[in-house]
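Asks: Supplied in structure tokens, the structure appears directly below.
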Amino acid sequence: AAAETGTRIGLLRGERLKRSDLLAATLVRSANDACRALADGVGASIDPRRPTAAFVARMNARAATLGLSNTHYANPCGHDDDAQYTSARDLAALSHAVLADATLAGIAQRRDVAFKTSTGRTLSARTTNALLDGLPGARGLKTGTTPAAGRCLVAVVERDGRRVLAVLLHAPERWW
């Protein structure tokens, strides 16, 4: 997990953290090292060549139960892979499931996270979602960027008792 690429929170080999802290770093900062550590800890595989295979299988099973018919996961962190894909419709359906879970919905709208590792080192990170700082009623939900997918955003805004969910994939500009 400490060697994971992309956006990171700075985990070091051998450090131990709470799963809730790893989840928060994954959702708030899109921290791939935290995502990988969570996947390794929750669904480790016996096959050392494919350490997260069991976790990815659980992700695909959950996607099927949610009716995400245009989604297939190949890795836990959302890295580009020819076998990994999703659709705006499926991301919207997944977002509704996340919003129905009070814990996940609460984490997704946090602007920052801070926690201590088992060695006493403090890690902190700021959200990748610029809407949380400037758009009244913004409630999160998730950003992402890869070379193949481009800039992506799943945004939720609530005002006057109404909720609007927007999904942008490969957006030339996500914050307009």
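Asks: Need one number: the % of Cα-Cα pairs in the stretch 113-175 sitting beyond the 17 Å mark.
Replies: 52 percent
Asks: Suppose every Lys and Arg Cβ carries +1 and every Asp and Glu Cβ carries -1, with no other charges. What dipole size does the chain come out with about its Cα centre, to the nearest 20 debye?
Replies: Dipole size: approximately 420 debye.
Asks: Accessible area per residue of the chain at 1.4 Å probe, in Å²?
Replies: On a per-residue basis, 57 Å².
Asks: Tell me, what ³J(HN,Hα) does each residue in the stretch 160-176 have, in order and in whole Hz, if you take phi through Karplus 6.51 cos²θ - 1.76 cosθ + 1.60 with θ = phi - 60° and put x for Gly and Pro?
Replies: 6, x, 10, 10, 10, 10, 10, 10, 10, 10, 6, 7, x, 8, 9, 9, 5
Asks: What does the helix-only formula give at 222 nm for the chain: each DSSP H stretch with n ≥ 4 adding -39500 (n - 2.57), the total divided by the residues, and the result rounded to the nearest 500 deg cm²/dmol?
Replies: -10000 deg cm²/dmol, from helical runs alone.
Asks: Right, next: Each residue of the stretch 72-82 in order: what ³J(HN,Hα) in whole Hz does its phi give by Karplus 6.51 cos²θ - 1.76 cosθ + 1.60, θ = phi - 60°, with x for Gly and Pro?
Replies: Per-residue couplings from phi come out as 8, 9, 10, 8, x, 9, x, 5, 4, 6, 4 Hz.
Asks: If you look at just the Cα atoms of the chain, how large are its Rg and its Dmax in Å?
Replies: In Å, with Rg to one decimal and Dmax whole: 16.0, 51.
Asks: Something else: Through the Karplus equation 6.51 cos²θ - 1.76 cosθ + 1.60, θ set to phi - 60°, convert the phi angles of the stretch 131-148 into ³J(HN,Hα) values in whole Hz; use x for Gly and Pro.
Replies: Per residue, the Karplus-derived 3J(HN,Hα) values read 5, 5, 8, x, 10, x, x, 5, 10, x, 9, 7, 10, x, 8, 9, x, 7 Hz.
Asks: To continue, here is another question. For the stretch 1-96, compute Rh as the Kirkwood radius over C-alpha pairs and then the Stokes-Einstein diffusion coefficient at 10 °C and 1.306 mPa s; write the answer in µm²/s, rounded to an integer.
Replies: The diffusion coefficient I find is 114 µm²/s.
Asks: Any idea of SER118's accessible area? Nearest 10 Å², probe 1.4 Å.
Replies: SER118 exposes around 70 Å² with every protein chain in place.
Asks: Apply 1/(1 + (r/R0)^6) to the Cβ-Cβ distance of ASP133 and LEU104, taking R0 = 22 Å, and write down the FRET efficiency to the nearest 0.05.
Replies: My answer for the efficiency is 0.60.
Asks: Further question: Just the Kirkwood number for the stretch 76-123, please: inverse of mean 1/r across all distinct Cα pairs, in Å, one decimal.
Replies: 13.7 Å
Asks: Scan the stretch 76-166 for trypsin sites (Lys or Arg not before Pro) in coil per DSSP, keeping those whose Cβ has at most 13 other Cβ atoms within 10 Å, and list them by number.
Replies: Passing sites in the stretch 76-166 are ARG111, ARG121.
Asks: Same structure, new question: Roll a 1.4 angstrom probe over the protein heavy atoms and tell me the percent of accessible area of the chain that is carbon or sulfur.
Replies: 54 percent
Asks: How big is the accessible area of GLU4 in square angstrom, nearest 10, if you roll a 1.4 angstrom probe over the protein chains?
Replies: Here the residue's solvent-accessible area equals roughly 30 Å².
Asks: Another question, if that's okay. In angstroms, what radius of gyration and Dmax does the stretch 64-153 have, counting Cα atoms only?
Replies: Using the Cα atoms of the stretch 64-153, the pair Rg, Dmax is 15.2, 43 Å.
Asks: Measuring from a point 7 Å past the Cα of ARG19 along Cα-to-C-beta, which residues in the stretch 104-140 have an amide N at less than 18 Å?
Replies: Answer for this model: 104-108, 118.
The values are calculated or read from the model by the stated rules, or taken from the named source; none is laboratory data. Values in this document were obtained by computation on a predicted structure and should not be read as measured data. FYI the Cβ positions are ideal-geometry reconstructions off the backbone, even for glycines, and counts take in every protein chain you see. When the accessible area is computed, the model is the full protein with side chains, heavy atoms only, and any ligands, DNA or RNA have been set aside. Shrake-Rupley method; radii C 1.70, N 1.55, O 1.52, S 1.80 Å.
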